[in-house]
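The values are calculated or read from the model by the stated rules, or taken from the named source; none is laboratory data. It should be emphasised that the depicted structure is a prediction, and the values quoted were computed from it without experimental measurement. Methodologically, a virtual Cβ is constructed for each residue, glycine included, from the backbone with ideal geometry; neighbour enumeration extends over all protein chains shown. The protein model used for the area step is the full one, side chains on, heavy atoms only, and it has no ligands, DNA or RNA in it. Shrake-Rupley method; radii C 1.70, N 1.55, O 1.52, S 1.80 Å.
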Amino acid sequence: KEGESRERVAASSASVELTYAGAAKDSAEGIEIVFRRTVHPSLEVVFQINGAMVSRSEYIGKLEEINILSQARNFLVFQGDIEAAVSCQGRQLTDFLERVSGSAVLRAEYERLAAEKARAEETARYLYTRKRSAMNEKKRMVLQTDEAHRYRQLEAERRQIHISFYLFRLFGLALQQERLEQARDSSETAQRELKPRVEAGLRRLGSAEQERATSHLAAVQAASAVASSRKTLERNGLERSSVLTKLQVLKQQEEHLDQHAFRDNRKKLQLREQLATLQKQRESVQAKLREEAAIAEREFPFTPEQRQEFDRLQQEAKHLVAASSEQAKELEAQVRSATEGKMRCERELRESVARRDHLERRVADLAEAEEKARLTQQRADDAMEKLGRQLAELQAACRGFDEEKGQLQSRRQNLLRTVSDMNATSRQVEMEARLKKVSADLARLVPGVHGRVVELCQPRSDEVKVAVNVALGGYLDAVIVDTAEAGRQCVRHLKERMLPPMTFLPLDTLRVIQPDPNLDGAMRGQHSLQHALDCIEIKSERLRRAFEFMLGDVVIARTMPDARRFVFEELRRFGLGCRVVTLHGETISRDGNLAVSCDAARQGSTRFDFAALEETKNEVDAIDRRLMEIHSQEAIGGPNQETLQEELLRQEGRAREAEQNILRCREERTVRQGEFEKAEAVLEPMQMELARLEQDEVRYRDEQHDLEESMGRAVSGHFAKLSAALNVADIRREERLIRKASEMARLREGDLLRELGSIEAEIKMVEQTLREREARDREGDAASNREEAARLEA
């Protein structure tokens with residue numbers, strides 16, 4: 001209220017009271033409940049039911065039991081609420097209805113239940129997803145089971161098909177065996193039928209074989225000698241190739257062992273130097289231990305009476321300087337603690353320095369080992385590349401040998417088939433050889449001699465060989481010379497040596513009849529006809545005049561009907577004449593007579609074949625020699641190839657081992673480098689800590705010295721007589737110095753013992769490493785390899 005004092009306003013309060021009269025829920029008796037709410041100036045609210053204080057929640061719950069919603073405005077309508085309710089829309093209207101109905105109180109529970117519903121739905125969806133995944137997995141398993149079943153069925157069908165296939169092949173082989181047996185029976189029957197005739201022929205050939213026996217025996221002996229020499233050479237070549245391969249491998253192993261021995265010797269030298277250094281350190285530490293032990297055992301030279309007197313004076317001095325004694329003990333404890341800390345720090349610093357040096361050496365050793373492994377890998381890679389090239393070259397050579405061997409064998413079979421198709425007798429062969437020798441002698445002795453016709457031309461194809469052989473006829477053994485005088489000299493040569501007569505064709509006096517130009521017109525359009533001159537290749541154009549003389553009017557026809565039509569129709573129509581020879585050796589002369597020479601018209605038995613027989617035999621011999629060389633090269637190349645493959649595999653293993661060593665060394669070097677950097681980083685703080693501890697020790701010792709000086713001056717009169725008896729300035733100070741020196745010596749002795757233990761352990765480790773390296777004996781292996789290499793070289 002206006003005008004009221006602040007004290008009264010502060011002491012006033014507001015309250016509201018509600019009295020409810022009605023029937024109880026469980027009985028028909030009437031009840032009366034008094035609800036009271038009081039608000040104090042401090043904004044404290046007090047709730048009372050029938051005069052008893054209750055909490056807010058109990059108060060509101062009790063009102064709700066009698067259907068009074070204190071938080072809902074369902075029984076109060078303020079001015080403007082109707083217009084505000086009418087103007088509400090959407091979310092505002094919903095909030096208004098919830099506030100009026102009191103459902104806003106249940107909003108938290110509704111949201112909680114909604115969240116639980118969402119979680120339940122999420123759980124249901126998750127379970128549904130798992131169920132669907134399980135069903136899909138089940139379907140997939142069913143599909144896989146079906147697929148496995150189909151695979152087993154197909155595998156069974158495949159095995160059945162294989163069985164049927166092999167049975168069919170066996171059946172085919174059986175049929176082929178029957179056909180071969182029938183062919184064998186028929187051939188045996190034919191052989192039995194031909195056997196009498198063969199025996200007769202053998203009897204006829206007996207005499208000829210006896211004549212040929214002597215020369216054949218000599219040839220066989222020479223061939224056997226050549227074969228034995230060839231076998232010996234091949235065997236020696238194989239042994240030599242194997243020995244060379246082994247020697248190369250031994251030399252590589254020797255080089256590898258020498259390198260390892262050199263590295264082992266250098267490492268052993270380093271280990272021996274390290275062992276000598278450690279032994280010197282051990283001796284130095286042992287000497288220091290002896291010195292420290294002597295210092296630790298040293299005492300002041302008291303007699304028993306002097307010791308008792310000194311102890312008594314000490315007790316009296318303690319009573320005199322009791323306060324200073326406590327301070328002195330504290331200082332002594334601080335000095336001892338600082339000294340122990342300094343010594344511990346020094347020991348840790350020495351261990352850290354030793355560990356840093358050890359890690360530095362280890363990092364250097366690992367770097368060296370990595371470099372060695374890299375060099376080993378590089379050498380192995382180079383060796384692999386070289387061996388790969390050699391192996392590729394050898395394999396290419398072997399493939400080339402296979403191709404060349406196939407070509408040579410095919411060529412040899414063709415040549416042997418050609419020789420076997422010839423029906424030449426030994427007399428014909430000897431005659432051909434004799435005429436060839438005579439022609440060569442004439443060409444060598446008489447200037448202007450070119451040789452026989454059969455040697456100076458070649459048919460362009462085997463198809464026309466018979467026709468050319470028949471067309472040349474008696475001129476095949478004729479000798480072409482430049483002049484008639486050269487021909488007369490050749491005749492005299494034959495007479496002097498009583499050789500059979502021969503025909504000579506002097507190029508300077510031959511009268512060549514030029515063919516009629518109309519002959520080309522008659523042959524035009526006749527593809528089955530060609531000039532004989534067009535069917536041969538002449539050795540030299542200087543000799544064409546002689547071949548025009550022999551073949552200028554000769555036409556070669558494909559078949560006899562073509563020849564007859566050409567001679568009796570085309571040539572008669574043009575009024576011309578020429579000689580026509582068919583590919584089968586049939587001849588139509590200029591006057592129309594037909595003739596066939598059985599000897600000259602046999603395919604494979606022409607004079608060209610006889611003339612090339614010796615060359616064919618020489619070519620077959622050359623092919624045989626080349627095949628033998630290829631066989632020898634293959635026999636040598638097989639072991640070489642296996643050796644190269646083994647060496648290549650060995651080098652690959654060495655390269656893989658080197659690569660693994662590189663990776664191992666690199667990983668360990670990275671770890672050790674990290675440890676080295678950590679050890680290097682620890683040193684500086686330790687050095688700073690050591691400097692601080694040394695400063696503390698010096699400071700504590702100075703304070704202790706000052707305190708002891710003051711205490712000594714205070715009790716100097718008590719010890720003066722004993723000091724004079726022992727002839728020292730201050731017996732108490734001397735005894736204290738000796739005692740402190742003994743204590744320090746014991747501390748240093750402990751550190752030296754630990755250092756000696758670490759040195760002993762390092763010495764044992766180095767000695768074990770030396771024993772292991774000396775047990776390898778790479779030099780002995782290298783010496784044995786050198787002995788084996790020397791034996792193989794010998």
Point to revise | Candidate set from region 763-780 (those that are open to solvent by less than 70 Å² (accessible area, probe 1.4 Å), modelled with pLDDT under 70 and not small (Gly, Ala, Ser)); member that is farthest from the chain's Cα centre (by Cα) | key: Arg773
Check your understanding: If the Cβ limit is 6 Å and pairs must be 6+ apart or interchain, which residue in region 434-447 that is within 14 Å of Phe504 (Cα to Cα) and in a loop (DSSP other than H, G, I, E, B) pairs with which residue that is open to solvent by less than 50 Å² (accessible area, probe 1.4 Å) and not hydroxyl-bearing (Ser, Thr, Tyr)?
Key -> Val446/Ala486; Val446/Cys490
Practice item. May I ask you to say which residue of Asp591, Asp562, Asp553 is more than 60 Å from the chain's Cα centre (by Cα) and either without any contact (Cβ under 8 Å) to a residue 24 or more places away in the chain or surrounded by fewer than 15 Cβ atoms within 10 Å (Cβ to Cβ) (or both)? Key: Asp591
Study note, to complete from the structure: Checked against (1) modelled with pLDDT of 80 or more; (2) surrounded by fewer than 16 Cβ atoms within 10 Å (Cβ to Cβ), His631 satisfies every condition except (1)
Review point. Given the conditions (1) under 30 Å from Asn67 (Cα atoms); (2) within 59 Å of the chain's Cα centre (by Cα), and given that Arg91 satisfies all but one, which numbered condition is not satisfied?
Key: (2)
Review point. When region 472-497 is examined, which residues are found to be more than 15 Å from Ser439 (Cα to Cα) and β-branched (Val, Ile, Thr)?
Key: Thr483
Revision key, fill the gap. Restricting attention to region 449-467, the residues that are in a helix (DSSP H, G or I), farther than 20 Å from Arg542 by Cβ and open to solvent by less than 70 Å² (accessible area, probe 1.4 Å) number exactly 4
Practice item. Could you please give the count of residues in region 437-448 that are open to solvent by 20 Å² or more (accessible area, probe 1.4 Å) and closer than 22 Å to Asn469 by Cα? Key: 2
**Study point:** Out of Arg666, Arg625, sole residue that is at pLDDT 75 or above, closer than 30 Å to Asp357 by Cα and either aliphatic (A, V, I, L, M) or in a helix (DSSP H, G or I) (or both)
**Key:** Arg666
Exercise for review: Can you tell me which residue within region 491-522, out of those that are within 19 Å of Pro447 (Cα to Cα) and acidic (Asp, Glu), is surrounded by the most Cβ atoms within 10 Å (Cβ to Cβ)?
Suggested key: Asp508
Study note, to complete from the structure: Checked against (1) more than 30 Å from Ile68 (Cα to Cα); (2) in contact (Cβ under 8 Å) with a residue 24 or more places away in the chain, Arg99 satisfies every condition except (1)
Check your understanding: How many residues are within 30 Å of Glu694 (Cα to Cα) and β-branched (Val, Ile, Thr) if we restrict to region 345-403?
Key -> 1
Practice item. Would you point out which residue out of Arg590, Arg492 is of a type in the set (D, E, K, R) and over 26 Å from Gly451 (Cα atoms)? Key: Arg590
Review point. Of the conditions (1) assigned to a helix (DSSP H, G or I); (2) over 49 Å from the mean Cα position of the chain (by Cα); (3) of a type outside the set (Asp, Glu), Gln153 fails just one. Which one is it?
Key: (2)
Exercise for review: Can you tell me which residue within region 34-57, out of those that are among the charged types (D, E, K, R) and surrounded by 13 or more Cβ atoms within 10 Å (Cβ to Cβ), is nearest to Thr19 (Cα to Cα)?
Suggested key: Arg36
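Residue-by-condition table, conditions (1) under 26 Å from Glu697 (Cα atoms); (2) at pLDDT below 70; (3) polar (S, T, N, Q); (4) surrounded by 17 or more Cβ atoms within 10 Å (Cβ to Cβ):
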position	(1), (2), (3), (4)
Ser716	no, yes, yes, no
Phe719	no, yes, no, yes
Ala725	no, yes, no, no
Ala761	no, no, no, no
Exercise for review: Return yes when Gly577 is in a loop (DSSP other than H, G, I, E, B), in contact with a Lys or Arg (Cβ under 6 Å, 6 or more places away or on another chain) and modelled with pLDDT under 85 and no when it is not.
Suggested key: yes
Review point. In region 502-547, how many residues are assigned to a loop (DSSP other than H, G, I, E, B) and under 20 Å from Ala467 (Cα atoms)?
Key: 6
Point to revise | Condition check for Arg179: more than 30 Å from Glu430 (Cβ to Cβ), without any contact (Cβ under 8 Å) to a residue 60 or more places away in the chain and open to solvent by 100 Å² or more (accessible area, probe 1.4 Å) | key: yes
**Study point:** For Asp534: the one exception among (1) surrounded by fewer than 17 Cβ atoms within 10 Å (Cβ to Cβ); (2) under 26 Å from Pro447 (Cα atoms)
**Key:** (2)
Practice item. Please state which one of Ala380, Ala484 is within 30 Å of Glu647 (Cβ to Cβ) and not β-branched (Val, Ile, Thr). Key: Ala380
**Study point:** Criterion (part of a helix (DSSP H, G or I), under 20 Å from Ala741 (Cβ atoms), in contact with a helix residue (DSSP H, G or I) (Cβ under 6 Å, 6 or more places away or on another chain) and at pLDDT 70 or above) met by exactly one of Lys342, Lys268
**Key:** Lys342
Check your understanding: Only one of (1) farther than 23 Å from Val464 by Cα; (2) open to solvent by 70 Å² or more (accessible area, probe 1.4 Å); (3) among the polar types (S, T, N, Q) is not met by Thr483, so which one is it?
Key -> (2)
